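The values are calculated or read from the model by the stated rules, or taken from the named source; none is laboratory data. Just so we're clear, the structure is a prediction, and the values are computed from it rather than from any experiment. For neighbour counting, all protein chains shown are included, and Cβ atoms are generated from backbone atoms with ideal geometry for every residue, glycine included. Accessible surface areas use protein heavy atoms only, side chains included; no ligands, DNA or RNA. Shrake-Rupley method; radii C 1.70, N 1.55, O 1.52, S 1.80 Å.
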Amino acid sequence: MYITVCHRVSFDRTSGGNQSLKFHSLLQEPSTKRSKPVSRVTSLASLLPPVKTAPLKRIGQTLQRSISFRNESRMERSAPPPAPAAKRRDSKLWSETFDVRLGATQPLSPKEIKRQEAIFELAQGEQDLVEDLKLAKKAYHDPMLKLSIMTEQELNQIFGTLDSLIPLHEDLLSRLRDARKPDGSTENVGHILTDWLPCLSAYTPYCSNQVKAKPLLDQKKQDRRVQDFLQRCLQSPFSRKLDLWNFLDIPRSRLVKYPLLLREILKHTPNDHPDRQHLDEAVLMVQSVVADINRRTGESECQYYKDRLLYTEDGQKDELIDQSRTLSCHGELKNNRGLKLHVFLFQDVLVITRSVSLNDQPVSYQLCRQPIPIRQLDLEDLSDGEMRVGGSIRGAFSNNERTKNFFRVSFRTGGQLQSHCFQASDAFNKQQWINCIRQAKEAAALTGNQLPETGQCLETGLGC
């Protein structure tokens, strides 16, 4: 899951249900297309996403209460009260704020109007982000600490360095506002951006921490007090129907949007405009910064999952796992008997595991087969209906449904053939797994070390 993120974002198929495949990288650029003013939904994951952790399920509970009527001798249970309306965020266009009386004597060209709209969107997004970061601290972090719902150490792990991001974005917002003329237009922003963008390096520890934060938050949700508190927040208007992880993932979503926002401003800036050179430089800078954060987050995620592997015998320990610095994808697959497996495609090795829960610790992954070196791996795409399935399931699925979306991996070691048939959740995930493994094989053949980025993320978040 980098900004899984595997984040996770989302640029994929995360609309409900379990997502079995998470891709990395977590940091990917979303669309800047303006939408109607509806509740804003962000995308990593993860850290928090190929993985990213399966999307959070929102469970709505309606509290019922009894109302006593003075003129009635008995209590009657009322109908469930309507859920509070989600607090909607105002969404404005720059043209709605422009004061024509104070503006230029010459009418603005359509290109200049689009340029001003893009600059305004950048500033408005900063304002929204600052509000959301402060809300996450005020409505979630501080009350849970005060009420001892979580320990300070747990909250520090989950929220990471979120506090450090608030002044960072307040600074950019202040600069953009100062650059705005009395009529609401802005002449130059390139110099502001080139001066401010290096500050985004503060995102490296935040995004890297999300890899560990997401599993810990999922674990803590098993606590009744935590679950009750988060549920009450979700039902409150201030949340806009976003859960805690949505708020924690908003900074990553904003980060990956900067390249698009800046390119949109540049697109509508004439070549002879004094801001053009600075904007060209800013676009290159932000692409470099995001790529570096993405790489470091990916390395953190890879290390996290390596640390969560459990070996049942020494022979399963493979130096290719230890040497891996990138995790191309991971997620849930089934074998031909319907057994759920969690498969990891590291830089140079495919690892087959079962997820296990030990005490109150985050999920670990127990190896159930020998790791398969990518260079020795053979991949076969199986046609629907070609695979025979076993197991004790009767009548749950038709034969056709149970034999769809299979592929096979195999390799020879010591003269013996090891073969595994995997079933993906759907045709899309199957094809993504096949593409990912093929890319890994091509990279192993060409370089022996590097795995190219998939450039895809099925969730948003974490991972991403």
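Regarding residue 114, is this residue in contact with a Lys or Arg (Cβ under 9 Å, 6 or more places away or on another chain) and open to solvent by 60 Å² or more (accessible area, probe 1.4 Å)? Taking the combined requirement at face value, the residue satisfies it.
Pick from segment 358-374 the residues that are over 19 Å from residue 313 (Cα atoms) and out of contact with any helix residue (DSSP H, G or I) (no Cβ under 6 Å at 6 or more places or on another chain): which of them is surrounded by the fewest Cβ atoms within 10 Å (Cβ to Cβ)? Among those residues, the one meeting the criterion is 359. Looking at this structure, is residue 354 basic (Lys, Arg) and modelled with pLDDT of 90 or more? It is true that residue 354 is basic (Lys, Arg) and modelled with pLDDT of 90 or more. Kindly indicate the residue of segment 307-328 that is open to solvent by less than 30 Å² (accessible area, probe 1.4 Å) and outside any strand (DSSP E or B) and also farthest from residue 436 (Cα to Cα) among those meeting that condition. Among those residues, the one meeting the criterion is 316. Of all the listed residues (239, 253), the sole one being closer than 13 Å to residue 135 by Cα and among the small types (Gly, Ala, Ser) is 239.
Of all residue pairs spaced 6 or more apart or on separate chains, none has beta-carbon atoms under 8 Å together with a first member in segment 103-128 that is outside the structural domain of residue 257 (by the TED database) and a second member that is open to solvent by less than 10 Å² (accessible area, probe 1.4 Å) and modelled with pLDDT under 90.
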